[in-house]
Structures are given as structure tokens and as C-alpha cells.
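The values are calculated or read from the model by the stated rules, or taken from the named source; none is laboratory data. Only a predicted model underlies this, so the values are computations on that prediction, with no experimental measurement involved. Methodologically, a virtual Cβ is constructed for each residue, glycine included, from the backbone with ideal geometry; neighbour enumeration extends over all protein chains shown.
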Amino acid sequence: MEWANDKSKGGVLAHLERLETQMSRSCKNLEDPPRETAESDLGTKIHKLRCLRDKLRAEVKQRQARIKASTANAEPDQTLEISEQEAVGGKEENMKAILQAYRFTGLSGKRTSRGVCVCISTAFEGNLLDSYFVDLVIQKPLRIHHHSVPVFIPLEEISAKYLQTNIQHFLFCLCEYLNAYAGRKYQADQLQRDFAAFLAGPLQRNSLCNLLSFTYKVEPQGRSFPFCARLLYKDLTTTLPTDVTITYQGTDASSTSWEEQRASHENLFFTKPLYQVFTSFARNGERLDMSLVS
Amino acid sequence: MDETVAEFIKRTILKIPMTEMMTILKAWDFLPENQLQTVNFRQRKESLVQDLVLLCESKRASLRDAALLDIIYTQFHQHQKVWDVFQMSKEPGEDVDLFDMERFKSSFEKILRRALKNVTVSFRDAEENAVWIRIAWGTQYRKPNQYKPVYVVYYSQTPYAFTSFCHLKSNTPLLSQALTVASNHHKIVKMDLRSRYLDSLKAIVFKQYNQKFETHNSTMPLQETLELDMHMDSRIIHENKIEKERVQRVTQETFGDYPQPRLEFAQYKLETKFRSDFHGGILAERKEPLRCLIKFSSPHLLEALKSLAPAGIADAPLSPLLTCIPNKGMNYFKIRDK
């Protein structure tokens, strides 16, 4: 036990103290770095979070400032929206008007839940006449659901020929028939209505207006004998007659002037619609009168 | 004036209700306006009729004039007759029909007279393109019976003719022949369609009963809205709302939005074997077909059928035997086993 006495006067107890402090120092050295790193980690985390918080705060402030700025410009923005609405509404009105005006092209249509409803608008010499409808069901085979075509127009024939194979042709063919019928009917109605003074008897006609038979005079006052006219329209797609027969039953039927008149009338009926023929009679009558006066 | 003609005119004028007297006499246009004004229309009908007949005598009214008055009366009282429909057909590929009304009339009358000397035929033009024909039939030895005439209504260049019900069936073939030949057709067939309402028959065969079309011009509602009061108290709930809407939709698809043509009945003659789920019933397992006649009657049959499903009386969709009536142009059916 000499070394114990050699080290210090303290003796064994002092040696033990020294060893204890050594040990506690070394333990401390071992513990300190984790605590420190944890602390520093937390510290850095806190620091980071603080930075993030500050950043977010700053952003919120920025956005609020922006909103305030934009609400300050609120009124000009609203009026922009309203005028946009008006513009859209105006466009819609325009489109509706265009769709409605399509019927002036003579052939228009509208989609239905089943297919399409086709409208054929007839016209003659710039006068808009009746419209006829064909409601088509788009199925195989294509079929007509209902229609407003008159029964004497050969719709079954035309659809049997073209409806399944060439619908364009079907529609154009039907348009032809209906427009021609409407034109002939218009001429017959006009003759009865506006030129009744020239007719010496009732106008005989039929459903298709393809046979017209009437007696007429060139002068409404009726100094002359009447002519008998018989107009046949064998082609149902035309508004001018295919056959014209004018007869004259006056006493001087053999005279050349009447024969000339008869022939010229026939030519007129072949080439001009009825109202033009009778207007020219009226004008000739005026000319004749004028010549008598002078 | 013949006594029989005078009697005929007297009985015809007696039939006319007082409210229509002036209108019909004016349409007849036989007694001029100034003469009519001399008559006292406020007296008792019998005396009025006597005065009118005297006027007719003074103007020497003929059978032809009397027949015309009869036509006009019938035109005003179409519903008093029951009308049948005949359908004519042509050979395919024929020339365009150049129908001449005067030629039709003379041809029609000629055909009847060739077969039967004792017949009265009268015509009256109606609308733009139609003619009413009145035929009083006689026999070889008897003069025509003016009190049981047959009427025919024909629209030119169409394949359909409407005839008033005739008790004398024996003259129908001759009438059919005259119609067919005079109107440039080859065949004629009687349709299984009959009604008092000439306009409805016309709408059915000319396919004019559905005249509602969708266009860009109309702001027509595309669907009938269900007639449930949407502003009702919210505490009230509609049971079966979905089912009711389905029934409405199916009914509208079948019958459409338009007013139905007017028919008074539909008749089904069944000659089918009785089919029953229950075995051992009296009628079950018979080899012979069961013969029975089912007739549906109504003042307005098609509207009544249309209201069956919405009223909850029948299931929707209705049997196609009921709903095909205007489409097929039939209200008399014969049903046999296939």
C-alpha cells in the first residue's frame, strides 16, 4: 500500500474521490452530445417553424392586401359581367331569329326527340304561301310519323321511291310537287278573286288544280263573245299548263281576226302565269279604249 | 208542281229547325230574298211551311230543286246519318289524274241510269274540291223513293269516298261501280270504319288528325306538364308520382297532344280459342274457337280511351288493339287465331 501513500497525502479516500470525479467527467462527456444535439435539433426546428410562420403571415397579409385592392375595383368588374351576359343573350336572340328565318329558304327543319321535323315552305313568284310539315322518325327503316301534306299529293309514291335510299332526293322531289301545287292553286285563287270580272262563268278546278276550265272575255264589259279555255297541267311539278285548248263560240268564228286572237291567247296561257295573262288582257283593253278615244 | 214534289218539299222544310230555317233557305237560293221577306217567320211552323210551299209552287220548283234542298238539310245535319268509308285504288304507274268534275258527274249519273232507269241523282259542290251526291233509288217498276236516299261525299283526286248508311244493300255494288269508273279508279273496297262524324272520318283517312309540328317559330311546350299543383302545401306528398308521370308520358306518346277524331264505337269480333290460366274451367281446353263480340261505346271513344290510363282504370300502355284505331283507319275488327 505504498503507492496509495505515494500519490497523495489524501490516501485511499482521496484516490477514490479522484477516480469518482474522473468517472463522472467521462460520463458527462458521453451524455452531453445527445442532449446537445437534441437541443440543437429542437432549436433548429423551432427556428424553422418560426421562419415558416413568419413567411405564412407575410403571405396572408399580402393576399388580404390584394383582395382589398381588388374589391376596390369591384364595380367596374361587375358591369363587365353584365354586358357579357347581354352579349350572350343578344347572340341567342340572333341565333333564334336565324333559325326562324331559315323557313324562307323553302326547306328547313328542327330536331325532335324522335328525329327531325322538316318544314317545306312554298312560294310562287315572290309570294310566300303555305308551309307543309313532314315529321320523320330516325330509325331503320326511316319512316314518316305524321305530316300535313294534302292527301292528293303522291307522298306514298315519292317516299316508296326515295325515302330509304336518298333522303335528299325525297325532300327535293316533295318540295317540287308541293311548290308546283301551291303555285297552281295560287293562280286559280287569284283568277277567281282578282279577275272575276273577266270570267263569264264559274271556274272549274280540282284538288290538284291541274285541270282548269273557264269561260272568259277579254273585255270585262262584255261586248265580245267569250272564249272557252281548258288548261291541263299534266306535269305535276310545273306551274304552267302542258295542254291549252281555247275555243271560240261566237258567230264569226271563222273570221281570221278571232282565229289570230285565239292563237295568241293559247300562246299566252302556255307561257305566262294566269294573272299575267289577264293583266295583259286588261292592258290591251285599255289600249283599245285609248285608241277609240283618240 | 207535282203533288209528290210538293209533299216532299213540305216534309223536308218541316224537318228544318226554326233556328236554321233562314240559313238553309238562303243556302238553297231558290226563293229570292225579297220573296222570303214577305213571309211571316213568326207564325206557327205548320203555317210557315204552307206559305213556303205555296211560294215554291208559284216558282215551279222541280224534283231537282227539292233534292237540292234535301242535300243542304243533310249537310247541316250530317250527324244524323251513319257514314261508311270506301277506299279505291288504281293500277300502279298510271297517268296523272286529270279529274274533271263535270265529266265525273255525267259519267257517274250515266252509269247509274244505264243500270236503273228509276233513279234520281243530284249533285252539290262543296268546299273547293268536294261534291255531295244524293241518290234516290227506285226499281224497274217503281219510282225512286225520295225519303230514303243515299248520300256520297267525294273529294276529287283522293281514293276515299264517304257514303251514308244504306238499308238497301242490293244497290251498293252498282254505286261502287259508278264511283270507281267515274273517278278513274280500278278497284273499290269497303273499309271497316264507320262513324256519324264525317269530319272525323275525313281526318282519319286523310291522316289530318295530328297537325302539331315542332318548329323554331312556335314556343310550343314539348310535353304536357303533369297537372300536379306544385305550389301545394309542402306537407302533402304525391304518392306514386313516378308512376303517374310514366303513365302520362306513355299516354302522350300513344295519343299525342291533338284532339282525337270522334268515333262512337269500336267493335271486336273474336273467333279465338279461349285461353285461361286456370285448368279445368268450363271454357278451357275447347277445340272450337270461342265466338264473341265486344263493343266499346262512347260519345267520344278515342278521348275516353285516352283518359283510361291517367284515370287509373287501365294499365298503360293500352292494348294495341285499342290504340291502333286511327292509325289503321278501322273500328271494326275480326280477330282470329293465327
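The table that follows gives values for the structure above.
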{"read-out": "Of all residues making up the range B:201-245, the number that are part of a loop (DSSP other than H, G, I, E, B), modelled with pLDDT of 85 or more and more than 20 Å from residue A:136 (Cα to Cα)", "value": "0"}
{"read-out": "Conditions (1) at pLDDT 90 or above; (2) surrounded by fewer than 17 Cβ atoms within 10 Å (Cβ to Cβ); (3) within 20 Å of the chain's Cα centre (by Cα): number failed by residue B:168", "value": "(1)"}
{"read-out": "Number of positions in the range B:27-49 that are closer than 14 Å to residue B:7 by Cα and surrounded by 14 or more Cβ atoms within 10 Å (Cβ to Cβ)", "value": "1"}
{"read-out": "Among (1) touching a Ser or Thr at 6+ places or on another chain (Cβ under 7 Å); (2) more than 14 Å from every other protein chain (Cβ to nearest Cβ); (3) closer than 29 Å to residue B:262 by Cβ - the single one residue B:118 does not satisfy", "value": "(3)"}
{"read-out": "Total residues in the range B:309-333, condition out of contact with any helix residue (DSSP H, G or I) (no Cβ under 8 Å at 6 or more places or on another chain), aliphatic (A, V, I, L, M) and surrounded by fewer than 16 Cβ atoms within 10 Å (Cβ to Cβ)", "value": "3"}
{"read-out": "Pairs with Cβ under 9 Å, 6+ apart, first in the range A:125-137 and more than 9 Å from chain B (Cβ to nearest Cβ), second assigned to a strand (DSSP E or B) and among the aromatic types (Phe, Trp, Tyr)", "value": "none"}
{"read-out": "Where residue A:227 falls short, out of the listed (1) modelled with pLDDT of 90 or more; (2) in contact with a His (Cβ under 9 Å, 6 or more places away or on another chain)", "value": "(1)"}
{"read-out": "Condition check for residue A:108: in a loop (DSSP other than H, G, I, E, B), within 9 Å of another protein chain (Cβ to nearest Cβ) and within 24 Å of the chain's Cα centre (by Cα)", "value": "no"}
{"read-out": "Set A:140, A:185, A:161: member being more than 14 Å from chain B (Cβ to nearest Cβ) and of a type in the set (D, E, K, R)", "value": "A:140"}
{"read-out": "Residue match in the range A:188-201 (condition: in contact with a Pro (Cβ under 8 Å, 6 or more places away or on another chain) and in a helix (DSSP H, G or I))", "value": "yes"}
{"read-out": "Test: residue in the range B:205-216 that is away from chain A (no Cβ under 14 Å) and not acidic (Asp, Glu)", "value": "no"}
{"read-out": "Helices (runs of 4 or more DSSP H) fully within the range B:1-42 counting 1 or more residues that are under 24 Å from residue B:144 (Cβ atoms) and not assigned by TED's automatic domain parsing to the domain that holds residue B:126", "value": "B:3-15, B:21-28"}
{"read-out": "Residue match in the range B:118-139 (condition: in contact (Cβ under 8 Å) with a residue 24 or more places away in the chain, under 30 Å from residue B:256 (Cβ atoms) and of a type in the set (Ser, Thr, Tyr))", "value": "no"}
{"read-out": "Residues located in the range A:194-224, provided they are touching a helix residue (DSSP H, G or I) at 6+ places or on another chain (Cβ under 7 Å) and within 13 Å of another protein chain (Cβ to nearest Cβ)", "value": "A:203, A:204, A:205, A:206, A:208, A:209, A:210, A:212"}
{"read-out": "The range A:142-165 residues that are loosely packed, with under 15 Cβ neighbours inside 10 Å, paired with ones that are charged (D, E, K, R) and modelled with pLDDT of 95 or more (beta carbon under 8 Å, 6 or more apart)", "value": "none"}
{"read-out": "In the range B:183-203, residue nearest to residue B:119 (Cα to Cα) [restricted to those that are within 14 Å of another protein chain (Cβ to nearest Cβ) and surrounded by 21 or more Cβ atoms within 10 Å (Cβ to Cβ)]", "value": "B:183"}
{"read-out": "Odd one out for residue B:77 among (1) crowded, with 19+ Cβ neighbours inside 10 Å; (2) more than 14 Å from chain A (Cβ to nearest Cβ); (3) not polar (S, T, N, Q)", "value": "(1)"}
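Here is a yes/no grid of residues against (1) in contact with a His (Cβ under 9 Å, 6 or more places away or on another chain); (2) within 27 Å of residue B:111 (Cα to Cα); (3) not assigned by TED's automatic domain parsing to the domain that holds residue B:115:
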| position | (1), (2), (3) |
| --- | --- |
| B:180 | yes, yes, no |
| B:183 | no, yes, no |
| B:188 | no, yes, no |
| B:191 | no, yes, no |
| B:194 | no, yes, no |
| B:198 | yes, yes, no |
| B:210 | yes, no, yes |
| B:216 | no, no, yes |
